1. What length, rounded to one decimal in nm, is gained on full extension from residue 259 through to residue 79, with 0.36 nm per residue of separation minus their alpha-carbon distance?
2. Please find, in a Gaussian network model of the chain (springs between Cα atoms separated by less than 10 Å), the residue of 232, 137, 273 whose mean-square fluctuation is greatest.
3. What FRET efficiency would be calculated for the residue pair residue 38, residue 292, taking the C-beta separation as r and a Förster radius of 35 Å, to the nearest 0.05?
4. Collect residues whose amide H, placed 1.01 Å from N in the peptide plane, falls under 5 Å from the amide H of residue 299; neighbours closer than 5 in sequence don't count.
5. If you look for lysine pairs in the stretch 77-200 that are eight or more places apart or on different chains, how many of them have Cα atoms under 29 Å apart?
6. Roughly how many Å is it from the Cα centre of the stretch 290-332 to that of the stretch 191-216, as a whole number?
7. Only Cα pairs under 8 Å and at least 6 apart count here; give the relative contact order of the chain as a rounded whole percent.
8. Against the longest principal axis of the chain, how steep is helix 176-188, in degrees 0 to 90 to the nearest 10, with axes from Cα atoms?
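The values are calculated or read from the model by the stated rules, or taken from the named source; none is laboratory data. No experiment lies behind these values; they were computed from the predicted model shown. Glycine gets a Cβ as well: all are built from the backbone with ideal geometry, and neighbour counts include every protein chain shown. Accessible surface areas use protein heavy atoms only, side chains included; no ligands, DNA or RNA. Shrake-Rupley method; radii C 1.70, N 1.55, O 1.52, S 1.80 Å.
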Amino acid sequence: MKKLSVLFQTAAITASLLLSPLSSVLAATPADTVSQEKTEITFMVSGTGDYAQRYKESLEEKLLDDFPDIEITVEAYPDEQYYSTLNTKLSMGDGPDFFRIQSYWAGPNAVQKLAPADYLVPLDDLPVIQSTDKNNTDPFTYNGHIYSLDDGSMILCTYYNKSVFQKLGLSIPQNWQEFLDVCETLKQNGITPIVAGNKDSYTMQFCLYQIAASQVYAENPDFNAQLADGTTHFTDPGTWDKVLDQYLLLFKNNYVLEHSLTMGNSEAIERFTNGEAAMLFNANFTYPSLTTAMGEDEVGAFPLPANDVGQPVYTVISKGNGTAVYSRSKHIELCKQIFNKLYAPADASATEESSADNIWQIFLNLQEKGQYTNNCNQGWKGDVEWTLEDGLSQKIAGASISVNYITAQMQKAYENG
């Protein structure tokens with residue numbers, strides 16, 4: 001019996017030794033699997049084409065060294081679809097961890113509209129926020145809390161094909177009449193002056209705000225502030241009616257490539273780079289795409305000179321967009337750490353490299369002289385820009401509505417906001 005007992009003990013010990021590695025693996029598998037799983041962090045942005053992939057790669061380059069255990073997912077939508085999709089997701093409690101917002105009142109995803117709805121996480125306690133001056137925090141502040149930081153200045157501009165201008169001996173125009181003369185010269189030489197992707201109606205703002213800078217805000221820099229106290233109105237003669245008249249004149253004179261209302265922004269950019277038009281109203285964030293397609297030597301930019309003869313030209317430079325953290329994210333603390341890394345100051349070499357490009361110097365010179373304004377809609381409550389774009393779309397399409405009707409609707413939208 002003793003021998004049998006010893007045999008059973010030996011067998012038990014042997015079995016234990018044989019099974020222990022397997023049981024150890026089985027026991028460890030769930031824990032190890034969990035430790036190897038990455039945390040998905042989702043971003044939502046506005047963009048078309050391969051923008052989501054490019055944005056993802058940019059984020060990975062910035063973040064993965066410091067956050068190797070995250071998996072970045074990016075969703076991108078065309079601008080107007082972005083607004084509607086974002087607001088639907090936020091209202092249903094299914095928003096992305098990070099999403100793009102605009103400063104002040106600008107657009108449906110503006111901080112002044114989303115913060116009161118409790119969709120945004122206050123970021124006041126982050127070191128990168130605390131070390132940033134008020135110029136960069138004020139555009140994203142609501143009720144004493146800061147929800148994002150500016151990604152960099154947005155400059156609205158008029159791009160032009162340098163080769164075409166040189167071939168016809170054209171110089172950069174200095175006032176509205178000279179700009180019209182340039183358009184007429186191009187037209188008479190069989191070249192379409194301007195291409196516009198107004199199917200994406202927000203692109204109208206690229207031109208309209210440049211006109212308004214010289215025609216409204218140069219005369220009255222406080223126009224938006226006075227809208228709030230009722231001392232100015234969109235219906236005031238010689239203000240927005242003049243802006244709309246100048247914009248519509250480009251269509252009346254056939255200076256804009258046909259069918260702009262059925263052409264999106266991406267197609268308009270492609271047609272410009274293909275040489276189908278000499279000019280394009282857009283912004284500085286489009287410059288890399290243009291130079292990739294055309295080369296730096298072919299792309300120029302100037303502030304649209306909507307000013308009257310003898311009056312100064314004004315440009316549009318704004319604190320534009322930022323990234324916000326969703327208040328119902330499952331990873332708020334991690335997202336705050338990621339935000340702090342995203343907005344950490346760039347190193348000196350990156351700053352030096354980005355300052356090498358002088359195409360924007362003419363705009364910065366005007367800013368230094370005070371001859372600039374912000375994007376107009378940053379001071380507009382309600383759906384003024386949508387009302388403006390809708391009215392102009394109807395007018396371009398041939399509807400029998402007046403400019404005064406459009407400005408009256410803009411005023412109504414502001415007051416309803």
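1. 62.8 nm
2. 232
3. The formula returns an efficiency of 0.65 here.
4. Amide H neighbours of residue 299: 162.
5. 8
6. Computed from Cα coordinates, the inter-centre distance equals 13 Å.
7. The value is 23 percent.
8. For helix 176-188, the angle is close to 90 degrees.
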